[in-house]
Amino acid sequence: SSFILYIDGSVNSCGKNEFGELGDGSGTDQILATVQLDGVVRLIAGGPSAESAFFVAEEEEGYERVWGTGLNNRGQLGTGDLINKNIPERVSFSSIVVVDVLSAAQDHTIALGISTGTLAPTIAPTMATVPPTTYIPVCEETDFFFWGAPDSVGEISSVDATRPLQLDGNVTYTS
């Protein structure tokens with residue numbers, strides 16, 4: 001799937017749409033469709049198989065929120081259920097989170113951000129390397145969030161996380 005973000009915050013999409021990943025309200029492949037979400041400020045992730053997409057949109061109160069659309073059979077959209085979405089739905093963080101980086105895989109999603117009541121991080125991020133060659137901004141206050149299939153991040157659980165879980169600082173990363 002491909003997305004075009006316009007300066008006015010509108011988004012067009014095109015491509016495969018089996019799970020609603022184009023966010024146009026249908027499940028039909030499209031040459032050009034309109035994503036059903038206003039105020040988009042950036043596209044932050046698409047799954048590697050393009051079965052899901054995530055956007056950051058500004059809401060009326062001025063906060064930027066993360067929205068997801070597409071495949072959700074393991075809770076990978078973070079919307080609190082296991083229902084595929086063909087219109088973007090807000091990710092169900094338990095607090096205000098400024099998301100710096102979000103990575104969507106086929107059955108889970110991870111995000112780095114800061115849990116805060118403010119709109120922006122209070123310190124400048126630095127760059128860190130996560131194997132093999134992914135660069136992500138991190139800082140001391142950066143929080144790690146996960147949702148979807150727990151075995152994908154080394155958690156021993158048979159229950160999928162349908163809402164973002166904030167993991168503690170003792171997470172071990174392996175490639």
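The values are calculated or read from the model by the stated rules, or taken from the named source; none is laboratory data. Bear in mind the structure is a predicted one, so any value in this text is a computation, not a measurement. Quick reminder, even Gly has a Cβ in these numbers, built from the backbone with ideal geometry, and neighbours come from all protein chains shown. Accessible surface areas use protein heavy atoms only, side chains included; no ligands, DNA or RNA. Shrake-Rupley method; radii C 1.70, N 1.55, O 1.52, S 1.80 Å.
The table that follows gives values for the structure above.
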{"read-out": "Residue ID - farthest from L82 (Cα to Cα), chosen from residues in segment 11-23 that are in contact with a strand residue (DSSP E or B) (Cβ under 7 Å, 6 or more places away or on another chain) and open to solvent by 30 Å² or more (accessible area, probe 1.4 Å)", "value": "C14"}
{"read-out": "Any hit, segment 28-37, residues being among the hydroxyl-bearing types (S, T, Y), open to solvent by 30 Å² or more (accessible area, probe 1.4 Å) and at pLDDT 85 or above", "value": "yes"}
{"read-out": "Strands (runs of 3 or more DSSP E) completely within segment 68-175 that count 1 or more residues being touching a helix residue (DSSP H, G or I) at 6+ places or on another chain (Cβ under 9 Å) and at pLDDT 60 or above", "value": "108-115, 143-148, 161-167"}
{"read-out": "Strands (runs of 3 or more DSSP E) completely within segment 1-47 that count 2 or more residues being in contact (Cβ under 8 Å) with a residue 12 or more places away in the chain and farther than 23 Å from V101 by Cα", "value": "11-15, 30-34"}
{"read-out": "Residue that is surrounded by the most Cβ atoms within 10 Å (Cβ to Cβ) [pool: residues in segment 56-92 that are over 11 Å from the mean Cα position of the chain (by Cα) and under 21 Å from T142 (Cβ atoms)]", "value": "E64"}
